[in-house]
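Colleague: Input: one structure, supplied below.
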Number of protein chains: 2
Amino acid sequence: MTKRPPTIKDVAAAAGVSIATVSKFINGQQRFSPGVEARVTETIATLGYRLNQQARSMVTGRTRTLGLAILDVRNPHFANIVKGANRVALAHDYNLLVVDLEEQTSHERHLLEALSGRVDGLIVSSRVPDEAISWLSDLGKPVIFFGNLQREGVHCVRTDGHRAASMLGRHLVGNGRKKIAYLGFTKARWNAEREAGLREAVAEAGLSLITHSVDWPTLDGGQQACSSLLFGAERPDAVVAYNDLVAIGFMHEAQALGVNVPVDVAVAGFDDIPVARFMQPALTTVNMRSEEQGEAAMTRLLAILSGKAEASGDQLFEPRLVPRASTAR
Amino acid sequence: MTKRPPTIKDVAAAAGVSIATVSKFINGQQRFSPGVEARVTETIATLGYRLNQQARSMVTGRTRTLGLAILDVRNPHFANIVKGANRVALAHDYNLLVVDLEEQTSHERHLLEALSGRVDGLIVSSRVPDEAISWLSDLGKPVIFFGNLQREGVHCVRTDGHRAASMLGRHLVGNGRKKIAYLGFTKARWNAEREAGLREAVAEAGLSLITHSVDWPTLDGGQQACSSLLFGAERPDAVVAYNDLVAIGFMHEAQALGVNVPVDVAVAGFDDIPVARFMQPALTTVNMRSEEQGEAAMTRLLAILSGKAEASGDQLFEPRLVPRASTAR
DNA sequence: GGTTTGGCGTGAATCGTTTAACTCGGCGGA
DNA sequence: TCCGCCGAGTTAAACGATTCACGCCAAACC
């Protein structure tokens, strides 16, 4: 542990060849006479030599590693994006490094610096501060955003949140719901889009939208917001939550308060996280194609890196409504 | 994008000072005359200079970055570990890079190489192949494992799985369950420990243990294994699953098959993932202190890095039984 | 007034690789 | 026999930072 690890120079000395030879051997760039080949192979093994990646990428300028920055690993939406991106990267012999920015803690800057300095390109959640987005944009490395970013000249992969919300809205209206509420998370960029889509669908039916919000887009957030929404000025007969986690928290608390889901109140969310269909009742949601977003973002990043020029702009996925028991009637 | 990013040398030239001066300025190592200070500050801004982390750590030998390797971000157990580790790291001004090894896909080697080359120390799941563990052990960098590793001379943070399982077993026996089954995941190192603990508790009551296993430690794995366990040779009246995900998948399918949980069959898991208490019925589980494991592993890693010698060996957490409705009687 | 002293700045070595350019010997073809 | 070529192996210059050792000059001391 204390001793300096062996370098290519040590190997060269021990094997009686030059540094360049060892380097070429490691990278398999040339044929070697049997003697040299055997000596180098053995020396590397006995010395326990390990290539220093940093030194290599210093000179090559490339790392064959990519970065992904998300806001919260605990949110399955982000976990799915990691999965999608990771699989595509691995299939192309790239490694993926992930950082969790810890939503709203202002560690973004350090983390993004640390990450961006070690990779050839990045995929970043669009829900980072504006200054971080600018900073990333002139980093000199390709960056793909995912989420909802209204900005010129950036690459962005996203799912149409307006449409997702209006699909959900029409579904609820079609079920005969009359008092539809949106339980939003105002700090997210997606939020306004979802609220607008929902409002539109609700307005089509001549209804108005009740709005409320959570402090935190999590299970606990949904649970805590439940009673003030249910027993507020106007009692909704349908609640669309900012995401599935909030929906699940809300639904659970509603049930604990003796409210019947879906009879008294319908509940729906966004994302279609894996556990949604295992709830009782199974949760209606909109699949936002998280995993495919991750795949698409990575595919696009790899395309840019391999020189295929890509016009900047949005790449839009169609959301898919997943009607289940929590909104059935 | 195409132009080479400015280096410290460019800054020095443009500001009319030496490279060393710029370097010291960046690192705040010295006072400067007003003129120099102003020129350097401005030049850095107008050139958009960015420090090259790789070059820096080449010479300093440290990166102030740590790595964490997990098997599946989608599993909340791992997500919790990431959270715990990340928070402790951030609190100490270290950055954390995470890789998802994608369980059983043999990408471990590449990913671990990529990760280990960019960090000062690592935290790794003990559920990686033995060869990877050996490889990591003589990496020359501190490595902490988490999970269940029977091996000398390594640092490991874990929760007592034997005890966790026997707690669960006694709980079920105390509830009057007579035919207890274990739905395991044979590829995990934790598995044997859990099975043994459960077997012990069951044996104390003069009962024997039914065993079955899943192909995959996930929601789907639990769901798929359900019918063959329920309608196998011997029908259990209690099922302990390898983890909460499996338990939830199993429970859902059992309910779909018309089996009443917990009346006909009790269901329990391990980990106490956040969503467990939102299930219907709420899932009995054992809290394996995932987040605290992440924190402890990181704390220990930081201790080693800051020179506080640490004896290798296990650091053991006590599991906590969380009885809920899914096993009530 | 000469000699320390201390603060500001510089030159050059160094970290561990890759790679362009070169050397050197042997071999085949004319 | 001579020329040119090929291929194994070497030398040395990068890559972008940090840092040791030193130089210089003004102020401070005796």
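Just so it is clear, none of the values below were taken in a lab; they were calculated from the coordinates. All values derive from a computational prediction rather than experimental measurement. In this analysis, Cβ positions are derived from the backbone assuming ideal geometry, glycine residues included, and neighbour counts consider all displayed protein chains.
Colleague: Using the Karplus equation 6.51 cos²θ - 1.76 cosθ + 1.60 (θ = phi - 60°), what ³J(HN,Hα) coupling, rounded to whole Hz, does each residue of region A:271-280 give in order, writing x for Gly and Pro?
Modeller: 3, 6, 5, x, 7, 4, 7, 9, 6, 10
Colleague: While we're looking at this one, here's another question. Of all the Cα-Cα pairs you can form in chain A, what percent are over 30 Å apart?
Modeller: 47 percent
Colleague: In sequence order, what are the phi-derived ³J(HN,Hα) couplings for region A:85-97 according to the Karplus relation 6.51 cos²θ - 1.76 cosθ + 1.60 with θ = phi - 60°, rounded to whole Hz, with x for glycine and proline?
Modeller: In residue order, the calculated couplings are 5, 4, 5, 5, 4, 4, 4, 9, 6, 10, 9, 10, 10 Hz.
Colleague: How large is the charge dipole for the protein assembly as shown, taken about the Cα centre, if only the Cβ atoms of Lys, Arg (+1) and Asp, Glu (-1) carry charge, to the nearest 20 debye?
Modeller: Dipole magnitude for the protein assembly as shown comes out near 1180 debye.
Colleague: What share of all Cα pairs of region A:148-273, in percent, falls into each consecutive 10 Å distance bin?
Modeller: Histogram of Cα-Cα distances, whole percents per bin: 14, 47, 31, 7, 1, 0.
Colleague: How many angstrom lie between the C-alpha centres of region B:211-266 and region A:259-317?
Modeller: Using only Cα atoms, the two centres lie 28 Å from each other.
Colleague: Can you give me the long-range amide H partners of A:Thr285? Hydrogens built in the peptide plane at 1.01 Å from N, cutoff under 5 Å, separation of 5 or more residues or another chain.
Modeller: Under 5 Å from the amide H of A:Thr285: A:Gly269, A:Val322, A:Arg324.
Colleague: While we're here: Can you pull the semi-axes for region B:219-274, root of five times each eigenvalue of the Cα gyration tensor, sorted largest first, whole Å?
Modeller: Semi-axis lengths for region B:219-274 are 17, 11, 10 Å.
Colleague: Let me ask something else. Under 5 Å between amide H atoms, partner at least 5 residues away or on a different chain: which partners does A:Leu122 have, H built in plane at 1.01 Å?
Modeller: A:Gly67, A:Val143, A:Ile144
Colleague: Select from B:Ser228, B:Ser106, B:Ser18 the residue whose mean-square fluctuation is largest in a Gaussian network model of chain B (Cα-Cα springs shorter than 10 Å).
Modeller: So, out of B:Ser228, B:Ser106, B:Ser18, the one fluctuating most is B:Ser18.
Colleague: Still on this structure: Is the C-alpha gyration tensor of region B:99-176 telling us rounded, prolate or oblate? Criteria: a/c under 1.5 is rounded; beyond that, a/b larger than b/c is prolate, otherwise oblate.
Modeller: prolate
Colleague: Let me have the relative contact order for chain A, percent, based on Cα pairs under 8 Å that are six or more residues apart.
Modeller: Computed over chain A, the figure is 17 percent.
Colleague: Express in whole angstrom the spacing between the alpha-carbon centres of region A:14-53 and region A:187-207.
Modeller: First find each Cα centre; the distance between them is then 63 Å.
Colleague: Let me ask something else about it. Treating only the Cα positions of region B:232-329 as identical point scatterers, give the base-10 log of I(q)/I(0) from the Debye formula at each q in 0.17, 0.19 Å⁻¹.
Modeller: -0.73, -0.84
Colleague: Select from A:Ala164, A:Pro6, A:Ser228 the residue farthest towards the positive end of the dipole of chain A; place +1 on Cβ of Lys and Arg, -1 on Cβ of Asp and Glu, and compute about the Cα centre.
Modeller: Checking the options against the dipole of chain A, the answer is A:Pro6.
Colleague: Please list, in chain and number order, the residues 5+ apart from B:His155 or on another chain whose amide H is under 5 Å from its amide H, with Hs placed from the backbone.
Modeller: Sorted by chain and number, the residues that satisfy this are B:Phe145, B:Gly313.
Colleague: Follow-up question, since we're still on this one. Pull up the cross-link candidates among the lysines for A:Lys308, meaning alpha carbon to alpha carbon under 23 Å and not fewer than 8 places away within one chain.
Modeller: By straight Cα distance, A:Lys308 reaches A:Lys141, B:Lys3.
Colleague: Okay, moving on. If you build a Gaussian network model of chain A, linking Cα atoms that sit under 10 Å apart, which residue out of A:Ala192, A:Ala268, A:Ala38 swings the most?
Modeller: Between A:Ala192, A:Ala268, A:Ala38, it is A:Ala38 that shows the largest mean-square fluctuation.
Colleague: Right, here's the next one. B:Ser33 label points, 7 Å along Cα→Cβ, one per copy: pairwise distances from this copy to the rest in nm, shortest first?
Modeller: Distances to the matching label points in the other copies: 6.0 nm.
Colleague: List, shortest first and in nm to one decimal, how far the label point of B:Ser306 (7 Å from Cα along Cα→Cβ) is from its counterparts in the other copies.
Modeller: 4.7
Colleague: Still on this structure, please answer the following. Taking loop as defined by DSSP and a crowding limit of 14 other beta carbons within 10 Å, which GluC sites (Glu not before Pro) in region A:67-169 fit?
Modeller: Qualifying residues, ordered by number: A:Glu152.
Colleague: Here's another thing I want to ask about it. Can you tell me the FRET efficiency between B:Ser33 and A:Asn260 if r is taken as the Cβ-Cβ distance and R0 is 51 Å, rounded to the nearest 0.05?
Modeller: FRET efficiency, B:Ser33 to A:Asn260: 0.10.
Colleague: State the residue of chain A whose Cβ is nearest the axis carrying A onto B, and the distance in whole angstrom.
Modeller: Output: A:Gln280, 2.
Colleague: Any idea what the B:Ala325 label distances to the other copies are, label 7 Å down the Cα→Cβ vector, nm, shortest first?
Modeller: When each copy's label point is compared with this one, the spacings are 1.3 nm.
Colleague: Right, another one. Rounded if a/c is under 1.5, else prolate if a/b beats b/c, else oblate: with a ≥ b ≥ c from the C-alpha gyration tensor eigenvalues square-rooted, which is region A:8-60?
Modeller: oblate
Colleague: What lysines sit close enough to A:Lys179 to cross-link, taking a C-alpha to C-alpha distance under 30 Å and skipping anything fewer than 8 places away on the same chain?
Modeller: A:Lys179 reaches A:Lys187.
Colleague: Say we join alpha carbon atoms closer than 10 Å with springs in a Gaussian network model of chain A; which of A:Gly67, A:Gly35, A:Gly221 then has the biggest fluctuation?
Modeller: Greatest mean-square fluctuation among the candidates belongs to A:Gly35.
Colleague: How large is the helix-only mean residue ellipticity at 222 nm for the protein assembly as shown, computed as the sum of -39500 (n - 2.57) over DSSP H runs with n ≥ 4, divided by its residue count, in deg cm²/dmol to the nearest 500?
Modeller: Here the helix-only value at 222 nm equals -13500 deg cm²/dmol.
Colleague: Relative contact order of region B:8-60: what whole-number percent is it, with Cα pairs under 8 angstrom and at least 6 residues apart?
Modeller: With pairs under 8 Å counted, the relative contact order is 39 percent.
Colleague: Moving to a separate point now. Filter the trypsin sites (Lys or Arg not before Pro) in region A:80-133 to those in DSSP coil with at most 12 other Cβ atoms within 10 Å of their Cβ, and list the result.
Modeller: Here no loop site has a sparse enough neighbourhood.
Colleague: A further question follows. What fraction of the Cα pairs in region B:270-327, stated in percent, has a spacing above 19 angstrom?
Modeller: In whole percent, the long-distance tail amounts to 45.
Colleague: Among A:Glu318, B:Glu193, what is the fewest-to-most ranking by other Cβ atoms within 10 Å?
Modeller: A:Glu318, B:Glu193
Colleague: Something else: Kirkwood Rh over alpha-carbon pairs of the protein assembly as shown, then Stokes-Einstein at 25 °C and 0.890 mPa s: what D in µm² s⁻¹, rounded to an integer?
Modeller: Stokes-Einstein gives a translational diffusion coefficient of 91 µm²/s.
Colleague: Just name one of A:Trp135, A:Val88, A:Ala297: the one whose Cα is farthest towards the positive end of the charge dipole of chain A (beta-carbon charges, Lys/Arg +1, Asp/Glu -1).
Modeller: Going by the charge dipole, the pick is A:Val88.
Colleague: Add +1 for every Lys or Arg and -1 for every Asp or Glu among the other residues with Cβ under 11 Å from the Cβ of A:Asp100, and state the total.
Modeller: Once all neighbours under 11 Å are counted, the net charge is -1.
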